[in-house]
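*Asks:* To start, I am sharing the structure in question, which I have written as structure tokens.
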Amino acid sequence: MEPFLVHIRCDTDGYTHAITEDEFATGRHEGRFRAVCGHVVLAAPMIEEPGRFDPECREALRGEAALEVPRQERRRSRWRSRR
């Protein structure tokens, strides 16, 4: 099954990167996402038009047979750890 991808423009490099659904859910509160190429994307304002698609993401998606996105290391927020 193919992963669902979200395309987000990075404010630091101007490229549009591919982000998996899981990584989007992980980084949505901070606006930082780990792209399939491994780049940490700082989301540009969503009003901006998409930039050029990142060549490294394109290569990672072409060789998608064993696509594994590096996981982001995050501390759990306090309110979640109390459950």
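No value in this document is a laboratory result; all are computed from the given coordinates. Being a predicted model, the structure only gives us computed values, none of them experimental. Quick reminder, even Gly has a Cβ in these numbers, built from the backbone with ideal geometry, and neighbours come from all protein chains shown.
*Asks:* Which order do the peptides 38-49, 9-20 take when ranked by the mean count of other beta-carbon atoms within 10 Å per residue, highest first?
*Replies:* Peptide ranking by packing, descending: 9-20, 38-49.
*Asks:* If you don't mind, there's one more thing I want to ask. To the nearest 0.05, how large is the calculated FRET efficiency for residue 47 and residue 13 if R₀ is 30 Å and r is the Cβ-Cβ distance?
*Replies:* Result of the calculation: an efficiency of 0.95.
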